[in-house]
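Please treat every number below as a calculation from the coordinates, not as lab data. The shown structure was predicted, so the numbers you read here are calculated from the model rather than taken from an experiment. As a convention, Cβ positions derive from the backbone with ideal geometry for all residues, glycine included, and neighbour counts pool all protein chains shown.
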Amino acid sequence: MGKRRGGRALLRGLSKRQRRHLREFGEEHPFHDRLLLLLLHSCFPFQSENSDKSSSESDSETEVEQVSVYHKLLATLKTSPESESEEEDDESESEEAEESEAEMDSEGSQETGEADGDEEDKNDVAEKEEATDTAEQMLGQEKDDGPDTSGDPCHGVTEEFTDVKHESEFSLETNFMEEESGDCNADTRDGNSSQAFSEDPFKQHMDKELEEKEIVKMSTLSKTSSQSQWPSLGQLTFSYTLEKHKTLKADKEFDVKQLYLHKPLESTWPKVNKQFLSSVNKPSDSSFTPLQRELFSIMNTYRDLFYPERNALTNGEEIRRAYCLHALNHVLKANAQVLSNNAKRRDRKPGTGMDDYRDQGLTRPKVLMIVPFRECALRIVHIFISLLEVNDKKKIDVSNKKRFKGEFGSDPEEKPPNLKRPEDYEAVFAGNIDDHFRIGVAILQKSMRLYAPFYSSDIIIASPLGIRTVIGAEGEKKRDFDFLSSVEILIIDQADIYLMQNWEHVLHLMKHINLLPLDSHGVDFSRVRMLNLNNWSKYYRQTLLFSALQDPQINSVFNKHCFNYGGQVAVRNVLLTGSISHVVVQLPHVFRRLEAESVTSVIDARFQFFISKVLPEYRDAIMSHTLIYVPSYFDYVRLRNYFKKEDLNFTHICEYTKKAAVCRARRFFLKGEKQFLLFTERFHFYKRYTIKGIRNLIFYELPTYSHFYSEICNMMKATDNGVDATWTCTVLYSKYDAQKLAAVVGIDRTAQMLQSKKNVHLFVTGEN
């Protein structure tokens, strides 16, 4: 029995191929003879593949050992253990060779004792490790050939940065000026050595070396301001901390050549901007509108700019083209400088100093553009393409253009028919209005790369939500904001819309921009500017802020998060007339002032004032059909909970209310089944529904957009009863609402109302 068991144990240790050979010839094949293997080991010392791999991983040697003839022989007999168990007796010769190699590996690993189970476990572990390493290698190859998500830590949600095959083509480190463009090379080289190039605002701003005492001065001292009146922009406020800069005056006309534009932009800009130009423009100034001329003259000095009079209907596209020209001009100049220095470094003599070539930041992205919707990003990219195409024959190469149009474009058939909305609503919400996106753009003279990884991009276009999901929050594992470390131009367009989205995303961005990166990201520190190494990037960053209104939160970002040593320019025009002049119904307006000790206490003061003095006057059934307009969602929730607690007859509509619930609430309010209707400003911003049946109107707080005041008041004319003497309008305000109040009633009335602590009664009889 012992011999039989021993024989069975011996057979269990053999493969099918070995057992068949044993039955046919009465002995094992010489290839599987252990004594022969020991002899071969002594003559041809070698290690198994697993041990080779482990030793190569532990050692740092990179030299490739010469392969012996015996190893070449073994290479022809390699197979996997899984295929060995699935073989049939009629296998092909190639499969037999692969099986033999696998069996040889297993025999070699069992030399110290075939019955030792620990050795078998070790072999299994080694095989699993090898399989894992192989899978990782294959995955690495797939990453090289497929999607590249290095620029997006949240690539598990959205795969955005997929263009890897153009990496070397758009790399600034491996390209030279000669390869960049033919016609512009001579001009750029000549400009580098000429006096005109030294007067370039780009060079003047980026090459200025600040001293540490100046940094301390900007951090501690308050700003000095001065006023100036310009023809198109109006009243300007210039602020600066360092010595007073040269007074900036509005140029009535100037030549494009005086703006130091990069070579191709001088010829393409007039064509791109042609649709906004009129025959009134003078021949010497035929490429800019009066507004663009004044805006660009400020942008080109690299001062911070706040323009709060952007209008989607009138000047929105003019402004977009102006800042796109400035951003592209900056990127082309910066890249041209890097490529030119690459050629100089390549041709430099040994021993030449390296400090002459400090031309980069810690990371590549230079321009960050924050826009609210995908349609805005689509228009920006189209402007970039138009500015880079010199003529119709010389088209630039745009990678991933088809995918970009598919993801950022819109389908005209998706828009519901027969929807009547105000013109400003149609202008703001045109095209694809998705607000969660981000895209990197790499630009060279003759080509553009869309969906570039952030660390290989020159320009990043994103929404506040899109950039927030990449930055992440403290404590999250996957978060990244190193790519914001060297941003030189920050453009925030349509900032007022972010008040309707989530302003916290903008504040979160401002807290994480121009910080020292946590990783080097392969940067050549010999090329990094000293301003970046000193962590002074924020003092060189230019911020361009465009909005449709002046708001304390927007002003706070401009005043507290912008540190440009060049100073700031803000447009501060006074509103002589307010939106109340556009109310077309005969309606008495009662402005009731509430007192608050501070800005933080005004929220509670307003709530207590409303529930104690205003709401009791409307509890009577006679005061039915009362709409309460609430700008803040948090105030809306607080009022809704209070109304529920007091068991008042009310309904409510907010931006999160489903469509069916909105229809029910509107119907109940119109028929008088519900006495009160709580109505949020964000719902009105995104939907612009006409609420019928309003007889009494309460503005819990002045609206963010001044024209919403007249729109809500004019909804009363939709009532079937016509003019009703019982219509009322009550507005709550405090001294901290001065800007909003001026936008509604005008600056003269605002001054009187803030000086007087009494309630103000205004009666509007149509447009006046």
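From the Cα gyration tensor of region 561-687, with a ≥ b ≥ c the square roots of its eigenvalues, which class applies: rounded if a/c is under 1.5, or else prolate if a/b is larger than b/c, or else oblate? Prolate, since a/c reaches 1.5 and a/b exceeds b/c.
Taking Lys and Arg as +1 and Asp and Glu as -1, the other residues whose beta-carbon sits under 9 Å from that of Gln337 total +1.
First check a/c for region 629-768, with a ≥ b ≥ c the square roots of the eigenvalues of its C-alpha gyration tensor; if it is under 1.5, answer rounded, and if not, answer prolate when a/b is larger than b/c or oblate otherwise. Because a/c hits 1.5 or more and a/b exceeds b/c, region 629-768 counts as prolate.
Once you order the gyration tensor axes a ≥ b ≥ c over the Cα atoms, which shape class does region 364-477 get: rounded for a/c under 1.5, otherwise prolate or oblate by comparing a/b with b/c? Mind showing how you got there, number by number?
Numbers: a/c = 2.27, a/b = 1.13, b/c = 2.02.
Verdict is oblate for region 364-477.
Roughly speaking, what is the stretch gain from Glu317 to Ser612, that is 0.36 nm per residue apart minus the C-alpha to C-alpha distance, in nm to one decimal? Write out the running numbers ahead of the final one.
Numbers: separation 295, 0.36 × 295 = 106.20 nm, distance 4.75 nm.
Computed gain between Glu317 and Ser612 is 101.5 nm.
The length gained on full extension between Thr220 and Arg479, counted as 0.36 nm times the residue separation minus their Cα-Cα distance, comes to 90.0 nm. For the listed residue pairs Lys645/Lys717; Lys223/Lys257; Lys271/Lys446, the alpha carbons are over 27 angstrom apart in Lys645/Lys717; Lys223/Lys257. Centroid-to-centroid, using Cα positions, region 591-622 and region 499-529 are 42 Å apart.
For the pair region 533-585 / region 223-245, the C-alpha centres are spaced 13 Å from each other.
Estimated from the Cβ-Cβ distance and a Förster radius of 25 angstrom, the FRET efficiency linking Ala738 and Val590 is about 0.85.
Any idea what the relative contact order of region 579-765 is, in percent, if you count C-alpha pairs under 8 Å spaced at least 6 apart? The partial results should precede the final answer.
On the way: 292 pairs, mean separation 73.1, N = 187.
Worked out over region 579-765, it gives 39 percent.
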